[in-house]
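Read the structure below first, then the notes.
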């Protein structure tokens, strides 16, 4: 019997091996992220990090992002923006010029977002961020998208609901921090209240970091109000305001058209949080939301900051856009993002809007909820649309 | 002695003798490196270093008199806001904004300086801290002018040319060098000597006829004007400002730059600015523990190298330049 | 607005604020008066006290009145380690000590962020009762804070006035050279002063956490208030810290209730500057030597 020529054997075996391995040529896909990991916005920055990491972990567990014959392993590169404009600019500089990323998730605070956009706009880098400033979404925002709702989107519907369901209520007090969010958002909210026939009796601002609200609440309660609006307060402060107001004997409606801060409110105010009304982003009873919560809880403890699911969602949307475009190049992905309508996410199907308010349809529109705290549990009151 | 060694020694000696040559070499490096090492990010950081060097040097003037100001960022803010508001709202050219910024900062310093500078030691520290807080609150509350906490966006660059990072770097470098030369002149002049005397012993200086309060006020105003310039330059560089850009931690940064760099010479704040702008950037890889390491670095430096980085560098240089025994052939 | 319920509420709020401010400022002024260091990390000891109380309540299920002093002792004890490592080389060196404490403050805050996370958290309320005496509303948690603070301040007063160590501290604060000439062990006095100061700060932190919320960044505000209180009362003066705390607490309570918070802020800062210029040694301090 003739022996099979060794070279031939080796050759055939190699071809077989090569052939089987060829299915998955792996390449790295860098995803940039910017968030506040120090300073006043650290809660949000950490939430961003967790959300993005979760979405990326899911893709990695699937063996990477499969586009045709290639699989891309995503890698997150995240930098601290220190919640300032300068920090955002520096982080973006590094991501774009040093690390060479073409896609950035975050940041959250308007100054940081604008700082990032300063760098990314001339370079056509895709940015999926938050930020309330009216300068973020403008007709020229070809490459940046806003992935969370702003007061302009959710306040009118909520205030209308309040008017319909509590017709006897008249006087509103708004308490908010005097930071950028508070100063920007409150006028929008106040307008919504006035448009629905409420009197805004108090519009009080405080310096963040201050924790004793009893003087300001005493002042408000002495003036007699029916509704206490907690709007743009951070979760901790919202909880404190709720608790201290109830401690002082306030019996009216306490609502937060913003946040959401429901978990924290429950923790801080305990039984005093009963009947607290709040804006909520997703329905924990919804199976899609539940899956996210479970995945989050496997890695982290503590209350879930709203930006974790929001940025998780943003990253997922980005990946889907890449899949549909079959590419990781900026232009195809960007176009794909704009046409992603209908893709089902933890917040429901993707819908872009904002043409009439901002000049471009780059605002992610999601349905949202109004919830109430009853007996220590979150109860859904109503499904609302922007 | 070998040929090479003797040439080496002659070169060594020539370098040491020729201050001009050294200065020229340094200038060449400072101006030339962006053309050789292309990297937008590095140029951006270098520009920030130049801008912060201006402010740090200006604080140095105050520190040289033995007064510690924890409110220096307030004057930077006045410069930044004045310039930004004038250019965005009133459409004035950048140069006017720059000088107006310095002027407004200087005016406040001139107005309250005579009152505040009567305080010494810790009291001066606390009153400047309070001043810084009040000015910041004004920036936050005076929404109609400053835009409040949202700040002022899309501040235009001084000219379309300066949208290029390298161009702005040269502008900042030029400004920093001018300020450095100016401060150096000031400190080596009669006034500088008077300041030195004041720092050592105020009562003695006064007895010698030095007009203490007047000098303090003048220096305070000069420092305010200079850091006001930084405020304006920085505002038109980052093109966005907010009250957060000028809070207590910024004032602290200037002080820390000076202490870490070294309190005894003008090189101190320059080195300090370099160190404190670059260090957080170098630590970016470790995002979370970045700040912990930064704090530890501060403690170690202030503990073991109290003369600051200048002292540290001087010691190393002395060690390196010490005449060595040449091997006997 | 000048009704009894409102006015009494304002006074109660004022006392609560005053109690906390005084507790924090006392420690701050002790450290400055005796060791001549502006302790920028002082607020962080309060924060650590708050977190320790939180963990004792959550994990070990201790009652609040046990956890609070225990936590304060623990923080003060831990503080002694920091005292040896970080503070000791800088006694009597104002500027460098200040920088070192700034560095320490950064280290503590961001270590806390790494350990505990950055989010605000709150201690489950140990006192949910709300008492009403006529038209006046007295939440039990505020009453508890007032009681604890009153006891602590009284104990401190007894300590500083009637004990040997207390006397030693006062003498060292007055004049270091003479104190040493008299045979007082300066090192031991420093350690004692540091321990007491940190204990008070941690106590205040535990109370703050009970009333408000916890976060690694919560130390900044107590620090800033300490600055203001000691300016009002006089740096290095112990009765001054108490007086300053009372004045600031009442002032803030009244002004912010009647005029809103931003006015109160400007007013207190403005008053501070005026006071510093006209009478830098504060209400009860001594003029700088």
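The values are calculated or read from the model by the stated rules, or taken from the named source; none is laboratory data. Keep in mind that what you see is a predicted model, and the values were worked out from it rather than measured. Positions of Cβ are backbone-derived with ideal geometry, glycine not excepted, and every protein chain shown enters the neighbour counts.
So residue C:265 fits all but one of (1) within 14 Å of chain A (Cβ to nearest Cβ); (2) part of a loop (DSSP other than H, G, I, E, B); what number is the exception?
Answer for residue C:265: the failing condition is (2).
Against the condition under 14 Å from the mean Cα position of the chain (by Cα), within 21 Å of residue C:70 (Cβ to Cβ) and in contact (Cβ under 8 Å) with a residue 40 or more places away in the chain, how does residue C:208 come out, does it pass?
It is true that residue C:208 is under 14 Å from the mean Cα position of the chain (by Cα), within 21 Å of residue C:70 (Cβ to Cβ) and in contact (Cβ under 8 Å) with a residue 40 or more places away in the chain.
Looking at residue C:214 and the list (1) at pLDDT 85 or above; (2) out of contact with any strand residue (DSSP E or B) (no Cβ under 7 Å at 6 or more places or on another chain); (3) within 9 Å of chain A (Cβ to nearest Cβ), which single condition is not satisfied?
Single failed check for residue C:214: (2).
With respect to residue A:331, determine if the residue is in a helix (DSSP H, G or I), in the same structural domain as residue A:103 (by TED's automatic domain parsing) and farther than 23 Å from residue A:230 by Cβ.
Yes.
Quick one: in the range C:110-130, of everything that is more than 21 Å from residue A:263 (Cβ to Cβ) and facing chain A (nearest Cβ under 9 Å), which residue is surrounded by the fewest Cβ atoms within 10 Å (Cβ to Cβ)?
Among those that are more than 21 Å from residue A:263 (Cβ to Cβ) and facing chain A (nearest Cβ under 9 Å), it is C:130.
Quick one: which residue in C:77, C:14 is modelled with pLDDT of 90 or more and closer than 30 Å to residue C:257 by Cα?
Residue meeting the stated conditions: C:14.
Go over the candidates A:316, A:363 one by one and state the one that is closer than 25 Å to residue A:100 by Cβ and either within 14 Å of the chain's Cα centre (by Cα) or assigned by TED's automatic domain parsing to the domain that holds residue A:109 (or both).
Exactly one of A:316, A:363 is closer than 25 Å to residue A:100 by Cβ and either within 14 Å of the chain's Cα centre (by Cα) or assigned by TED's automatic domain parsing to the domain that holds residue A:109 (or both), namely A:316.
Of the residues C:2, C:15, which is surrounded by fewer than 23 Cβ atoms within 10 Å (Cβ to Cβ) and more than 11 Å from every other protein chain (Cβ to nearest Cβ)?
That would be C:15, the only listed residue that is surrounded by fewer than 23 Cβ atoms within 10 Å (Cβ to Cβ) and more than 11 Å from every other protein chain (Cβ to nearest Cβ).
Which ranges mark the helices (runs of 4 or more DSSP H) fully within the range B:128-218 that have 2 or more residues being within 19 Å of residue B:228 (Cβ to Cβ) and under 18 Å from the mean Cα position of the chain (by Cα)?
Answer list for the range B:128-218: B:165-188.
Being under 30 Å from residue B:212 (Cβ atoms) and surrounded by fewer than 23 Cβ atoms within 10 Å (Cβ to Cβ) narrows it down to one residue among B:32, B:66, B:55; which is it?
Exactly one of B:32, B:66, B:55 is under 30 Å from residue B:212 (Cβ atoms) and surrounded by fewer than 23 Cβ atoms within 10 Å (Cβ to Cβ), namely B:66.
Confirm whether residue C:105 is closer than 26 Å to residue C:54 by Cα and within 13 Å of another protein chain (Cβ to nearest Cβ).
yes
Kindly check whether there is at least one residue in the range B:246-257 that is away from chain C (no Cβ under 14 Å), modelled with pLDDT of 85 or more, surrounded by 24 or more Cβ atoms within 10 Å (Cβ to Cβ) and not in a helix (DSSP H, G or I).
no
What is the residue count in the range C:131-157 for residues that are surrounded by 12 or more Cβ atoms within 10 Å (Cβ to Cβ) and in a strand (DSSP E or B)?
Total meeting the criteria: 4.
Only one of C:51, C:28 is within 25 Å of residue C:185 (Cβ to Cβ) and buried (at least 22 other Cβ atoms within 10 Å of the Cβ); which?
Exactly one residue qualifies, and that residue is C:28.
Cβ-Cβ under 8 Å, sequence separation 6+ or interchain: first residue in the range C:81-96 and more than 9 Å from chain B (Cβ to nearest Cβ) and at positive phi, partner assigned to a helix (DSSP H, G or I) and surrounded by 18 or more Cβ atoms within 10 Å (Cβ to Cβ). Which pairs?
Sorted first by the residue in the range C:81-96, then by its partner, the pairs are C:92/C:35; C:92/C:176.
From the list B:125, B:135, B:85, which one is more than 14 Å from chain A (Cβ to nearest Cβ) and touching a strand residue (DSSP E or B) at 6+ places or on another chain (Cβ under 8 Å)?
B:85
Pairs under 7 Å by beta carbon, first residue modelled with pLDDT under 90 in the range C:137-165, partner surrounded by fewer than 19 Cβ atoms within 10 Å (Cβ to Cβ) and part of a helix (DSSP H, G or I), six or more apart or different chains?
Sorted first by the residue in the range C:137-165, then by its partner, the pairs are C:160/C:170.
What number of residues within the range A:205-229 are within 28 Å of the chain's Cα centre (by Cα) and modelled with pLDDT of 90 or more?
Final tally of qualifying residues: 3.
Spot the failing condition for residue B:120; the list is (1) surrounded by fewer than 16 Cβ atoms within 10 Å (Cβ to Cβ); (2) farther than 24 Å from residue C:95 by Cβ, and only one is missed.
Only one criterion is unmet by residue B:120, namely (2).
Is it the case that some residue within the range A:114-130 is touching a residue at least 24 places away in the same chain (Cβ under 8 Å), in contact with a strand residue (DSSP E or B) (Cβ under 9 Å, 6 or more places away or on another chain), part of a loop (DSSP other than H, G, I, E, B) and buried (at least 21 other Cβ atoms within 10 Å of the Cβ)?
yes
Under the condition of being farther than 20 Å from residue B:26 by Cβ and within 13 Å of chain C (Cβ to nearest Cβ), which residue from the range B:265-281 is modelled with the highest pLDDT?
B:276
Take the range B:138-150 and flag every residue that is facing chain A (nearest Cβ under 10 Å) and at pLDDT 85 or above.
Selection gives B:140, B:141, B:143, B:147, B:148.
Can you tell me which residues in the range A:71-99 are more than 9 Å from chain B (Cβ to nearest Cβ), surrounded by fewer than 24 Cβ atoms within 10 Å (Cβ to Cβ) and within 18 Å of residue A:52 (Cβ to Cβ)?
The answer is A:72, A:73, A:74, A:75, A:76, A:77, A:99.
Take the residues in the range B:282-313 that are within 8 Å of chain C (Cβ to nearest Cβ) and either within 17 Å of the chain's Cα centre (by Cα) or not in a helix (DSSP H, G or I) (or both); name whichever of them is modelled with the lowest pLDDT.
Of everything passing the filter in the range B:282-313, B:288 is modelled with the lowest pLDDT.
Restricting to the range A:254-274, name every residue that is farther than 17 Å from residue A:213 by Cβ, crowded, with 17+ Cβ neighbours inside 10 Å and away from every other protein chain (no Cβ under 11 Å).
A:257, A:260, A:262
Do any strands (runs of 3 or more DSSP E) lying entirely in the range A:145-253 carry at least 2 residues that are surrounded by fewer than 18 Cβ atoms within 10 Å (Cβ to Cβ), and which ones are they?
A:199-206
Within the bounds of the range B:258-272, is there any residue that is farther than 25 Å from residue B:188 by Cβ and crowded, with 18+ Cβ neighbours inside 10 Å?
No, because not a single residue in the range B:258-272 is farther than 25 Å from residue B:188 by Cβ and crowded, with 18+ Cβ neighbours inside 10 Å.
Could you tell me which of the residues C:207, C:200 is buried (at least 23 other Cβ atoms within 10 Å of the Cβ), on the phi < 0 side of the Ramachandran plot and away from chain A (no Cβ under 14 Å)?
Answer to the selection: C:200.
To keep it simple, each residue is scored yes or no on (1) surrounded by fewer than 21 Cβ atoms within 10 Å (Cβ to Cβ); (2) without any contact (Cβ under 8 Å) to a residue 12 or more places away in the chain; (3) within 13 Å of another protein chain (Cβ to nearest Cβ).
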{"residue": "B:163", "(1), (2), (3)": "yes, yes, yes"}
{"residue": "B:174", "(1), (2), (3)": "yes, yes, no"}
{"residue": "B:187", "(1), (2), (3)": "yes, no, no"}
{"residue": "B:203", "(1), (2), (3)": "yes, yes, yes"}
